[in-house]
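Read the figures in this text as sums done on the coordinates, not as results from a lab. None of the values given here were measured: they were computed from a predicted structure. Glycine also receives a Cβ, built like all others from the backbone with ideal geometry; neighbour counts cover every protein chain displayed.
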Amino acid sequence: MQDTHITLAHGNGGRLMRELIEQLFAKHLHNPTLNTQLDATTLPWSASQLVVTTDGFIVKPLEFSGGNIGSLAIHGTVNDLAVAGAKPLYITLNAFIEEGLEIAILERLIISMAQAAQQAGVSVVAGDTKVVQRGEGGGLYLATTGFGVRIATQSLDFSTIQAGDALLISGAVGNHGIAVMLAREQFGLRGDLQSDSACVFPLTEALLPFTGLRFMRDPTRGGLATVAHEISQATGHALVLEQPTIPIHDSVQTVCDMLGYDPLYLACEGRVVAVIAADQAEQALAIWKTLPQGQQAAIIGHVQTGYARVILRTALGGERLLEELEDDPLPRIC
Amino acid sequence: MQADYWLIGGQVQGVGFRPYIYRLATELCLLGWVKNLSGQVEIHVQGTETQLHTFATQLLKHPPPLAKPFILQHTACALVAVNSFSIASSLQTQADIHVPPDYFICDDCLHELHNPCDRHYHYPFINCTQCGARYTLIQRLPYDRADTSMANFPLCADCQAEYDNPSNRRFHAQPLACPACGVGLCFREAQTATTPFIYNARQTATALSACVQALQAGKIVAIKGIGGYHLLCLARSDTAIQRLRTRKARPDKPLAVMFPIHGKDGLTFIRQQLQVSPVAARCLSSPVRPIVLLPRRTDCNLSAFLAPQLNEIGAMLPYSPLHHLLLTALAEPIVATSANLSGEPVLTDNQLVEQRLQTVADAFLHHNREIIRPADDSVMRVIHQQPRPLRIGRGLAPLELTLPFRLPYPVLAVGAQLKNTIALAWEQRVVMSPHIGDLGTARSIDVFNQIINDLQRLYAVSATAVICDAHPQYASSRWAKQSGLPVHSVYHHHAHASAIAGEFPQALPWLVFTWDGVGLGQDGTLWGGDALYGQAGAWQRVARMRPFSLLGGDKVGREPYRSAAGLCWEVGLPFSVATIDSDLLYHAWQKRLNCVTTTSVGRLFDAAAVLIGFSPVVSYEGQAPMFLESLCCSQISHDIPMLPLSRVGDLWESDWSPLLPYLQTTQSSQQIRAEGFHQAMAQALLQQALKIRTEKTVGQIGLTGGVFQNRYLTELVIAQLNAVGFEVFLPTQLPCNDGGMSFGQIIEAGNRLLERV
Ligand SMILES: [Fe+3]
Ligand SMILES: [Mg+2]
Ligand SMILES: [Zn+2]
Ligand SMILES: [Zn+2]
């Protein structure tokens, strides 16, 4: 591979494309079931319940503090399987590469993806690459499909949620959103601020023994507030969040305060929100806190009878309403 | 012998109008009846021509003080076989319904309250047809005791006799009661929340004295009044007030003070502390009994913590018998601030208040008459020789106004996001709710929903369309979209302008200056420093302030330095404040991140305060402009920078940039710069008005929007406009701030609806 940047020829099915796949994708993502010679892969399968998810990844910039689009694609996919009560096993990958992308960067992203996959215990078992013309893509777009085996015995469904249930979060919110924004706007690093992008399977697995576990979700786009709205609307109950208990890193809070963002609406890529019966919440929290990813886990609220809305109770006992996310929030002070 | 038929409309319910007619008719030896038509009053009188003539001349001469009757119909009619004059039982029909506001205690009741020989002696809820709660205790109409929160208090024999006696002033006084059969008080220290609430006459007396003692000891007591709870503490005690401020996390926002009635006109105590003009005096003692903002006297010895860095105090007189008893016993001024958590409507429920204020109040004085819906105290400020409402509340609301047109169908206007009120309008009537508050809290939304339902139910009117602000993120606008009714949206400043046009419908065409915080404008930017020309339903923007950037969304309200930064960076000047690292903000400004464009004069005031050295961050919205105004006291004209006026597209635009160096110069005092800033803004307005007059017919000028709560600015502007021959109007019945928005929405949308009909 003599060129340093991706050209349209890398997508024409010829030598360059073969080299790209062999020397980058296959090399780093190698595993026993990945066979780039064949059109399809045969997977060993013995479980009764297959869990499938699919996802697309667009992020600007491609690399940010604490991660990049490669690791993000793995985490985003396995997390969707994990919160559904599954153990993630396999991933397929589609890469849409923009003409002009530096190959060294692409390699970094693929290495990072391979590491993330390895840590998450998943194999990339099939893939495809396409090259799009300059200006038609943001460097690299990734599309993935994830397969896992269901290991949860509960139904993990909105319909099991009851008034009184507790709401847990596995760690601080908003880091991913702020890390990406700082990188995109080239604001430079702010202290230790990093994306929280990570595989949450250890966290979700740890809660599966709880009979009172109702529901789990990873608060990605729209953040914690949006997950709260989804739960509230699906159940018809109010959700009460206790502001002082919600973990937020100081550096995230500082940037949010300055720019006027609300961390509750910012994306996380390595957190879990869990709804669990109130009498099991403390125990579940204790278990999360023993895990490296759950050091800052907290019980942050509860489900309350009444109509669907999300209430944020402040330290002083005030009850602010958290509205649904808007595309373009405008000031309302008059 | 001949007969007359009268139909009387207006405020004639729950105000003793029928007993008045009964007395008049029987004095004149007329026969017939007076009858309630759930809103209007029908009178049939028969007698000699002279008798009927006297009746006709007397009818509207001395009606009960609270009645506002007018004649809808007067015709001769057929004689009927009757041998006396009687008050016939109510008829429920679809006539005009009027829900009375809550009235202050009348002189007769006040006299009985303090008379040890009267059986109502020290009964804290004494009332009659001429006084007492109405709006806050009426469950449904027609107005009968069974449909009020007095339903569970059966009348004793004495009270029943008064209720049944047409010549008694408590004849059909629905909420009447006495110590034997009425409402009781219950005093509880905080942290006793598990013990039961007990109410009886003996408890009431001890509760009252325990409450007085607690206050005298410097404690904070939450006291249930007419439209909600107040937090009370001594107005001369720095420690009590500081404790209240710390516990409520309200470091700076002014606290209102209730003064005991003393002296000939009752205002002696107030006059000892504050400057009371004759207009203000009338306003203080008016039936509304509002909070009136009054300048401190130089020898005022009230706590400096009541209104830090401001020179006015909100004062009021006791209005309910309970407040009279407390203030008489205390004989000194007392802080009386709405008991709520910031932005929420005032608390009304016994249990909820103990729960929500457990860490704020030391004790609670409850009563067992339910408050059906909240009403905060009304707030007034005298500007340009007239009291202007800043907040519509207890005593004023529901506020009824007449529309300058007839609506084809009933509509509901849901107001703005902050200082929310709602308005229900049908035919030629519009009824406005009291101040509901900031719609960002769960409790405000609950009250907002309740009032929307209650007003429609009370007036037996169902809205068939909803009018909301064009800003899609106001909670009221979201409510409108989910209501299932057709929605008409109105731009914020069109509604502001239409509100004043609706108050003075005879004046056309208008030039209205709408200066406020921010509101969504027609071009998608945030307006707030604009001039609109035309008339309701057809406004054209003709002038504005030079646009600038606002950074950080709703944070601009509490962080005025953001406005100052926005101005400085706009013109390439540096901006920094010692306590804030604004590097990141500057980068965000360069990248237009969470950054919007505005013409807001409210934000210019914020910026000006910071640029002359005021705190970059404040604890309540409007604090910086209020501080800036409070610096102004002289009428001296300063050497001020003129704001260049230029043509930008089809608009005249005033450029604020010369103000930036002026405000930051340390060569002159803060006072001079503050006064100079106000004068420069007034000049800018004048220049815009003069320029527009060269192009268009300007009948008269309207000033509205929250900025014109500023007396110094408003009076400067009026003087300058008058000097060049403009006639100037200010809102008089409605707040110029967003509290008047719901009325303006009705006027604006109503005009557009009519065009389509
Ligand atoms: Fe406004
Ligand atoms: Mg996903
Ligand atoms: Zn009375
Ligand atoms: Zn009685």
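Farthest toward the dipole's positive end in region B:2-87, which of B:Leu72, B:Gln2, B:Phe55, given Cβ charges of +1 (Lys, Arg) and -1 (Asp, Glu) about the Cα centre?
B:Leu72
State whether the protein assembly as shown is rounded, prolate or oblate according to the following rule on the C-alpha gyration tensor (a ≥ b ≥ c being the square roots of its eigenvalues): a/c under 1.5 gives rounded; otherwise a/b larger than b/c gives prolate, and the remaining case gives oblate. If you can, show how the numbers build up before the last one.
Values: a/c = 2.10, a/b = 1.70, b/c = 1.23.
Because a/c hits 1.5 or more and a/b exceeds b/c, the protein assembly as shown counts as prolate.
Averaged across B:466-478, how many Cβ atoms of other chains sit within 10 Å of each residue's Cβ atom?
2
Would you be so kind as to identify which of B:Trp656, B:His587, B:Leu631 lies farthest towards the positive end of the dipole of region B:573-715, taking Lys and Arg as +1 and Asp and Glu as -1 on Cβ and the Cα centre as origin?
B:Trp656
Treating cross-link reach as a plain straight distance, find the aspartates and glutamates whose alpha-carbon is under 15 Å from the alpha-carbon of B:Lys219, omitting any fewer than eight places away in the same chain.
B:Glu189, B:Asp238, B:Glu332, B:Asp362
Restricting the count to DSSP beta bridges whose residues both fall in region B:185-379, what percent are antiparallel, rounded to a multiple of 5?
75
Looking only at other chains, what is the average number of their beta-carbon atoms within 10 angstrom of each beta-carbon in A:312-318?
Mean shielding by partner chains, rounded to a whole number: 5.
Rank-order B:428-439, B:596-607, A:106-117 by packing density, defined as the average count of other C-beta atoms within 10 Å over each peptide's residues, highest first.
Packing order, densest peptide first, comes out as B:596-607, B:428-439, A:106-117.
Using only DSSP helix segments of four residues or longer, with each worth -39500 (n - 2.57), what per-residue ellipticity at 222 nm results for chain B after dividing by its residue count and rounding to 500?
One gets -9000 deg cm²/dmol as the mean residue ellipticity at 222 nm.
For chain A, what mean projected area does the convex hull of the alpha carbons give, in nm²?
18.7
Is the shape of region B:36-79 best called rounded, prolate or oblate, per the rule: a/c under 1.5 gives rounded, else a/b larger than b/c gives prolate, else oblate, with a ≥ b ≥ c the square roots of the Cα gyration tensor eigenvalues?
oblate
Quote the charge dipole size of region B:61-197 about the Cα centre in Debye, to the nearest 20; the model charges only the Cβ of Lys and Arg (+1) and of Asp and Glu (-1). Walk me through the numbers on the way to the answer.
On the way: 9 positive and 12 negative charges, 47 e Å.
Charge dipole, region B:61-197, about its Cα centre: 220 debye, nearest 20.
Taking a ≥ b ≥ c as the square roots of the Cα gyration tensor eigenvalues, with a/c under 1.5 meaning rounded and otherwise prolate when a/b beats b/c, else oblate, which class fits region A:85-199?
oblate
Applying a 10 Å radius around every beta-carbon, put B:735-748, B:210-223 in order of their mean neighbour count, most first.
Packing order, densest peptide first, comes out as B:735-748, B:210-223.
Among A:Leu224, A:Leu72, A:Leu89, which one moves the most in a GNM of chain A with springs linking Cα atoms closer than 10 Å?
Its mean-square fluctuation being the largest, the pick is A:Leu89.
Length gain on complete extension for the stretch A:Ala308 to A:Gln233, per 0.36 nm per residue less the alpha carbon to alpha carbon distance?
26.5 nm
What distance in nm separates the two pseudo spin-label positions at B:Asp108 and B:Thr48, each 7 Å out from Cα along the beta-carbon direction?
Those two pseudo-labels are separated by 3.0 nm.
Long-range amide H contacts for B:Ala465: which residues qualify at under 5 Å (H placed 1.01 Å from N, peptide plane, sequence gap of 5 or more or a different chain)?
For B:Ala465, whose amide H was placed from the backbone, the distant partners under 5 Å are B:Leu412.
For the cross-link pairs B:Lys555/B:Lys696; B:Lys68/B:Lys264; B:Lys419/B:Lys481; B:Lys224/B:Lys253, which exceed 30 Å when the distance is taken from alpha carbon to alpha carbon?
Working: B:Lys555/B:Lys696 39 Å; B:Lys68/B:Lys264 28 Å; B:Lys419/B:Lys481 20 Å; B:Lys224/B:Lys253 22 Å.
With Cα atoms farther than 30 Å apart: B:Lys555/B:Lys696.
Mean projection of the alpha-carbon convex hull of chain B over all orientations, in nm²?
34.7
Give, rounded to the nearest 20 debye, the magnitude of the charge dipole that chain A has about its Cα centre when Lys and Arg contribute +1 at Cβ and Asp and Glu contribute -1 at Cβ.
440
What residues from region A:4-22 fall in the zone where the backbone N is under 17 Å from a label point 7 Å along the Cα-to-C-beta line of A:Arg108?
Of the residues in region A:4-22, A:4-6 have backbone N under 17 Å from the label point off A:Arg108.
On a C-alpha basis, how far is the centre of region B:306-378 from the centre of region B:424-490 in Å? Whole number, if you could?
Region B:306-378 and region B:424-490 have Cα centres spaced 27 Å from each other.
Calculate the length of the line joining the C-alpha centroid of region B:100-132 to that of region B:165-225, in whole Å.
Cα centres, region B:100-132 to region B:165-225: 14 Å.
Among bridges DSSP assigns within chain B, what percent are antiparallel (round to 5)?
Expressed as a percentage, antiparallel bridges in chain B total about 70.
Hey, got the average number of other protein chain Cβ atoms within 10 angstrom for residues in B:415-422?
1
Peptides A:91-100, B:173-182: what's the order by average Cβ count within 10 Å, highest mean first?
Averaged packing, sorted descending, gives the order B:173-182, A:91-100.
Could you tell me which residue out of B:Ala499, B:Ala210, B:Pro398 lies farthest along the dipole of the protein assembly as shown toward its positive end? Charges go on the beta carbon: Lys and Arg +1, Asp and Glu -1, centred on the Cα centre.
It is B:Ala210, whose Cα lies furthest towards the positive end.
Can you give the FRET efficiency for B:Lys68 and A:Gln253, using 1/(1 + (r/R0)^6), R0 = 45 Å, r = Cβ-Cβ distance, to the nearest 0.05?
That gives a FRET efficiency of 0.25.
Enumerate the lysines that A:Lys27 could reach by cross-link, defined here as Cα to Cα under 22 Å, with residues fewer than 8 away along the same chain left out.
Straight-distance partners of A:Lys27: A:Lys130.
Treating the beta-carbon of each Lys and Arg as +1 and of each Asp and Glu as -1, no other charges, what is the dipole magnitude of the protein assembly as shown about its Cα centre, to the nearest 20 debye?
Taking the Cα centre of the protein assembly as shown as origin, the dipole is about 1800 debye.
Once you list every other residue whose beta carbon is under 15 Å from the beta carbon of A:Ala277, what net charge do they have if Lys and Arg are +1 and Asp and Glu are -1?
Computed value for this residue: -3.
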